[in-house]
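Everything on this sheet refers to the single structure shown next.
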Amino acid sequence: MPVSYAPRDWSSQPRSIDPAYKSTALRGPTKPLIPIPQSLSELTGPVYGHDSVGPLDPDLIRNGRRDAEPLGERIIVTGRVLDEAGRPVPNALVEVWQANSSGRYIHATDQHDAPIDPNFFGGGRCATDAEGRYRFLTVKPGAYPWGNHANAWRPNHIHFSLFGPSFLTRLVTQMYFPGDPLLALDPIYLSVPPGARERLVSRFSIDVTEPGYALGYEFDIVLRGRRETPMED
Amino acid sequence: MAPKQTPSQTVGPFFAYGLTPEQYGYPLASIAGANLAGSDVHGERIRIEGRVLDGEDNPVPDAMIEIWQADGRGRYAHPLDARGSNTGFKGFGRVGTGTDPELRFVFDTVKPGAVDGRQAPHVNVVVLMRGLLLHAYTRIYFSDEAEANARDPVLAAVPPERRSTLVAQREASPGGVVYRFDIRMQGEAETVFFDV
């Protein structure tokens with residue numbers, strides 16, 4: 001088999017247990033991970049692409065609309081999904097979910113005392129094109145409080161979930177916004193080592209911004225790359 | 001300069017309406033769910049069920065489990081598997097632990113065949129939850145495959161005293177064959193997680 005994948009870049013990943021993020025204490029694995037060879041089980045993975053995306057799925061401004069526009073600042077979020085050689089990852093499913101502009105999730109267990117927007121759902125998906133590019137429309141999510149520590153607030157963020165071409169390229173992450181003062185105080189963002197965490201912050205782009213309509217943000221996502229070396233047999 | 005890997009972040013507590021919407025009653029179609037095997041799929045029907053337990057042995061109510069498996073003949077529905085999965089079996093399932101009264105994940109699927117001459121039949125697993133900053137990889141093996149398990153190169157890489165954490169126990173129930181597989185995040189019997 002001519003394909004294998006580069007290892008996870010541990011210098012870019014958070015630790016399993018991070019005292020500043022309290023929920024890790026009882027949930028992060030404590031024993032060392034056991035290395036195993038990459039077999040067909042790891043090199044394959046679920047195949048989802050454009051045929052998994054409905055027409056309104058990439059448009060969070062319209063996919064939860066009942067009788068009016070959702071409240072908040074309209075934004076465009078776009079970027080490329082690449083591998084570590086800079087090659088585009090085409091036809092890759094990108095799933096997203098986020099709070100509304102008040103910082104409230106539609107999720108039933110979110111008890112934050114901020115209004116639900118009857119015209120905003122907050123979940124969506126899109127697929128990358130031949131250049132690895134994805135694009136969706138939404139409103140800028142609000143910050144919200146959480147119970148991790150006294151006066152704890154999550155920075156504005158959008159959750160991302162991607163498969164990529166194999167089970168090894170699975171990635172679940174969060175995209176942040178430039179200049180957010182809460183980043184310096186957020187244990188989840190800070191769980192990623194400095195030098196790597198900055199990759200989670202999107203860039204404002206006047207080129208992506210649509211005149212009279214919505215601000216544009218760019219967020220590129222880099223998945224583990226293929227190596228062309230033969231696999232151990 | 002070559003780009004560097006995007007770091008992982010936790011899936012958080014509120015993934016359900018984005019990733020498992022139908023299971024939790026949200027108005028968005030799910031790309032995958034608990035039932036992997038339609039009526040036309042070849043293979044032995046099985047149910048895989050278990051709980052995710054934290055370091056105090058409490059079941060986790062907001063975990064998400066994904067499984068990826070070969071079909072009943074050991075073929076993956078993926079372009080790299082040149083043999084071709086010809087059974088209409090996609091092989092991917094995704095379930096949150098928040099809707100079952102006992103906080104279990106439950107998958108209805110077929111028992112995978114052996115994918116090559118070396119590995120025992122197995123299901124590949126990704127574990128995600130609030131408090132887990134990087135998804136964890138593990139595998140489900142089957143208790144009735146003792147002979148194949150004894151030859152399996154992945155199980156062989158695991159210290160003998162920890163191998164049982166990867167083996168689901170087969171039980172016959174009135175509804176059919178059930179394999180029980182609890183995932184323990186920590187403790188003496190912590191499930192083996194892989195660096196792949």
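The values are calculated or read from the model by the stated rules, or taken from the named source; none is laboratory data. As the structure is a computational prediction, the values presented were derived from the model and not from experiment. FYI the Cβ positions are ideal-geometry reconstructions off the backbone, even for glycines, and counts take in every protein chain you see. Accessible surface is based on the protein model in full, side chains and every heavy atom, while ligands, DNA and RNA are left aside. Shrake-Rupley method; radii C 1.70, N 1.55, O 1.52, S 1.80 Å.
For the residues B:SER39, B:SER143, B:SER30, a GNM of chain B with alpha-carbon springs under 10 Å puts the largest fluctuation on B:SER39. Taking B:GLY131, B:GLY117, B:GLY12 as the candidate residues, the one with maximal mean-square fluctuation in a Gaussian network model of chain B, Cα springs under 10 Å, is B:GLY117. Applying D = kT/(6 pi eta Rh) to the protein assembly as shown, where Rh is the Kirkwood radius over alpha-carbon pairs, T corresponds to 4 °C and eta to 1.567 mPa s, the Stokes-Einstein value obtained is 59 µm²/s. For chain A, the mean residue ellipticity at 222 nm estimated from helices alone is -500 deg cm²/dmol, where every DSSP H run of n ≥ 4 contributes -39500 (n - 2.57) and the total is divided by all residues, rounded to the nearest 500. Over all orientations, segment A:90-233 has a Cα convex hull whose mean projected area works out to 11.8 square nanometres. For chain A, the carbon plus sulfur part of the accessible surface works out to 56%, probe radius 1.4 Å. The Cα-based radius of gyration and maximum Cα-Cα distance (Dmax) for segment A:11-126 are 19.0, 53 Å. Remark: accessible area buried at the B-A interface is about 6900 Å², both chains counted, probe radius 1.4 Å.
Among B:VAL11, B:VAL95, B:VAL154, the largest mean-square fluctuation in a Gaussian network model of chain B (Cα springs under 10 Å) belongs to B:VAL154. Close amide H pairs (under 5 Å, H built 1.01 Å from N) link A:THR44 with A:PHE167, residues at least 5 positions away or on another chain.
On a per residue basis, segment B:48-121 carries 34 Å² of accessible surface, using protein heavy atoms and a 1.4 Å probe. As a quick test, which of the pairs A:LYS31/B:LYS4; A:LYS140/B:LYS4; B:LYS4/B:LYS111 have an alpha carbon distance above 32 angstrom in this structure? Check vs 32 Å cut-off fails for B:LYS4/B:LYS111. The accessible surface of segment B:14-184, taken with every protein chain in place and a 1.4 Å probe, is 48 percent carbon and sulfur.
In chain B, helical runs assigned H by DSSP with n ≥ 4 each contribute -39500 (n - 2.57); averaged across all residues and rounded to the nearest 500, the mean residue ellipticity at 222 nm is -1500 deg cm²/dmol.
Across segment A:59-158, the relative contact order, built from alpha-carbon pairs under 8 Å that are at least six residues apart, equals 38 percent.
Placing a label point 7 Å from the Cα of A:GLU73 along the Cα-to-Cβ line, the residues of segment A:119-149 whose backbone N sits under 14 Å from it are A:138-143. For peptide B:125-136, the mean count of partner chain Cβ atoms within 10 Å of a residue's Cβ comes to 6. Calculated from the alpha-carbon coordinates, segment B:39-196 shows an Rg and a Dmax of 15.2, 45 Å respectively. Shielding of peptide B:16-28 by partners, expressed as the average count of other chain Cβ atoms within 10 Å per residue Cβ, is 5. Dividing the mean sequence gap of close Cα pairs (under 8 Å, 6+ apart) by how many residues segment B:1-133 holds gives a relative contact order of 34 percent. Segment B:41-57 to segment B:127-195: how many Å between their Cα centroids? If you average the Cα positions of each part, the centres end up 10 Å apart.
Peptides B:54-60, A:166-172, A:146-152, ordered by how many other C-beta atoms sit within 10 Å of their residues on average, highest first, read A:166-172, B:54-60, A:146-152. Mark the label point 7 Å from the Cα of B:ALA2 along Cα→Cβ and return the residues of segment A:171-213 whose backbone N is within less than 18 Å of it. Zone members listed by number: A:196. Accessible surface area normalised per residue over chain A is 41 Å², counting heavy atoms of protein chains with a 1.4 Å rolling probe. Taking GluC sites (Glu not before Pro) as exposed when their DSSP state is a loop state and no more than 16 other Cβ atoms lie within 10 Å, the longest site-free interval of chain A runs over A:132-227. What fraction of the DSSP beta bridges in the protein assembly as shown is antiparallel, stated in percent and rounded to the nearest 5? Here the share of antiparallel DSSP bridges comes out near 75 percent. The A:ALA6 and B:SER143 beta-carbon pair, evaluated with R₀ = 30 Å, returns a calculated FRET efficiency of approximately 0.30. Residue by residue along B:189-195, Cβ atoms of other protein chains within 10 Å of the local Cβ number 4 on average.
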